[in-house]
Amino acid sequence: MADETEIKLPKDVVMYILLKFPVKSLLRFKRVSRNLYTLIQSSIFINLHLNRNITTNDDLILFKRSLKEEPNLFRSIMSFLSSGHDDYDLRHVSPDLDVPYLTNTGGCTFHRFMGPCHGLIVLTDCEETVLFNPSTRNYRLLQPSPYDSPLGFHRSINGIAFGFDSIGNEYKIARLAELRGEPPFNCFTMKEWRVEVYELSIDSWREIENVDQQLPYVHWYPCGELFYKGASHWFGHANRARVILCFDMSTETFRDIKMPNTCHYKDRKCYGLVVLNECLTLICYPYPGCVIDPAIDFMEIWVMKEYGVSESWNMKYKITPLAIESPLAIWKDHLLLLQSISGYLISYDLNTDEVKEFNLNGWPESLRVNVYKESLALIPKNREDNIRLSI
């Protein structure tokens, strides 16, 4: 019966009707007939569906927290949330799921959730890397990097990025690795930067040659790795100056963006990067745990009016200090989502200054938030570990 109906309707009409449905319904429709399966699985339909969702305001939240079960043993959980009757009412849109593969020890406070990029998100603890579509629940454990430390050196991963190479039409993960001398040679002054790039289509890592060895030293923050305008962004410092280090996913080259003049090497502040009203936005907040002077230790939000032009930084908000561990995301262009010192998810309304604490909490420092739109983006099957979680 379903096939007969499809034959009577023009393909573009069927496609137009299907674009009205959420991903959960579309996944069910794929089981109705071969024709529907082929249509919904097609790159044309997936791109139309993604572009339609980009123009809508139905943002969803992927919320991760870790819960302590035994000494130094944690369970990490993902929740899928949406707004209820108003902006201050978060509801679950599907059951919670365990985070696959990532460490379940105290290192859970260093989990990184990067993206979204076309609806896809990368989950990593620097050892394991998982590509995840929160809409379809498909995920895949990626090949580990084959690069190790040469004898006499220690290799540490300072920056990780996930994005899309629009020229090569390719998803990429980039890792900025630092090699430092260690015992028995004890040559700590020896340092070398290496850049590893993973390409999804070929399921393979490679190292970039001729990496600039004068790169800034990269710092990691829970809200500090952002893909925007075709480039990934990290926080760094060089010559006592704070900068934003950018890595272009297509050209695989680096560049710096100067931070506002009020950001300096010893300013007792941490940082976050978000996109607010389609502009690169910098969040400066007091270092967690330090004694706050309410007269000077404000949270500042700077908006870059013209991307890449450091002179266009404009401080848009100056907020009375809050007892937070870090910012996590911007939601609906006016709600700043943060994790409190006590491990609760809270929001700050940039329009009304209202603070809301949600009944969502985890081990302090373990909270992560990723705001995404529904997507049917496929994760290529390259190995037997491509899995779909229950939806």
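Only the coordinates and a few stated rules stand behind these numbers; no lab work does. Keep in mind the model is a prediction, meaning the values are calculated, not measured. Glycine also receives a Cβ, built like all others from the backbone with ideal geometry; neighbour counts cover every protein chain displayed.
So which residue, out of GLU170, GLU225, GLU374, gets the largest mean-square fluctuation from a GNM of the chain using Cα contacts under 10 Å as springs?
Maximum among the listed residues: GLU170.
Where in region 261-283 does the amide nitrogen come within less than 18 Å of the point 7 Å from the Cα of SER310, taken along Cα to Cβ?
Residues passing the 18 Å test: 261-267, 271-273, 280-283.
If one computes P(r) from the Cα atoms of region 102-166, what percent of pairs lie at distances over 17 Å? Intermediate results must be reported in sequence, preceding the final value.
Details: 1044 of 2080 pairs.
Roughly 50 percent, rounded to a whole number.
Which loop-located chymotrypsin sites (Phe, Trp or Tyr not before Pro) does region 217-284 contain, where loop means any DSSP state but H, G, I, E or B and the Cβ has at most 12 other Cβ atoms within 10 Å?
Here the chymotrypsin sites (Phe, Trp or Tyr not before Pro) that fit, given the DSSP loop and packing criteria, are TYR265.
Suppose R0 equals 30 Å; then what is the FRET efficiency for ASP59 and ASN169 from their Cβ-Cβ distance, rounded to the nearest 0.05?
Numbers: r = 26 Å, r/R0 = 0.86.
Approximately 0.70, to the nearest 0.05.
Any chance you could tell me what percent of the C-alpha pair distances in region 160-265 go past 18 Å?
Here the tail beyond 18 Å accounts for 52 percent of pairs.
Remind me, relative contact order of the chain in percent, using alpha carbon pairs under 8 angstrom and six or more residues apart? Can you show the working numbers first?
Values: 828 pairs, mean separation 62.5, N = 391.
Across the chain, relative contact order equals 16 percent.
I want to make sure I understand the PRE zone here: with the label point 7 angstrom from the Cα of THR320 toward its beta carbon, which residues in region 340-384 have backbone N atoms less than 14 Å away?
It comes to 349, 352-356, nothing else.
Under the 0.36 nm per residue contour assumption, what length would be gained going from the current alpha-carbon distance of PHE29 and SER42 to full extension?
Roughly 3.3 nm would be gained on extension.
Translational diffusion coefficient, Stokes-Einstein: compute it for the chain using the Kirkwood radius over C-alpha pairs as Rh, at 10 °C and 1.306 mPa s, and state it as an integer in µm² s⁻¹.
The diffusion coefficient I find is 71 µm²/s.
Trypsin sites (Lys or Arg not before Pro) within region 7-81: which are DSSP loop residues with at most 16 other Cβ atoms inside 10 Å?
Here the sparse-neighbourhood loop sites are LYS20, LYS30, ARG31.
Output the relative contact order of region 2-50, whole-number percent, from Cα pairs under 8 angstrom with separation of 6+ residues.
35
Would you kindly state how much longer the chain becomes between VAL355 and ASP12 on full extension, computed as 0.36 nm times their sequence separation minus their alpha carbon distance, in nm to one decimal?
Extra length available between VAL355 and ASP12 comes to 118.8 nm.
Between ARG180 and ASP148, what's the calculated FRET efficiency when r is the beta-carbon distance and R0 is 25 Å? Round to 0.05. Kindly include the intermediate steps, with their values, before the conclusion.
Details: r = 14 Å, r/R0 = 0.56.
The calculated FRET efficiency here is 0.95.
Quick one: check the C-alpha center-to-center distance for region 257-327 versus region 96-169, whole angstrom.
If we compute the Cα centre of each part, the gap is 26 Å.
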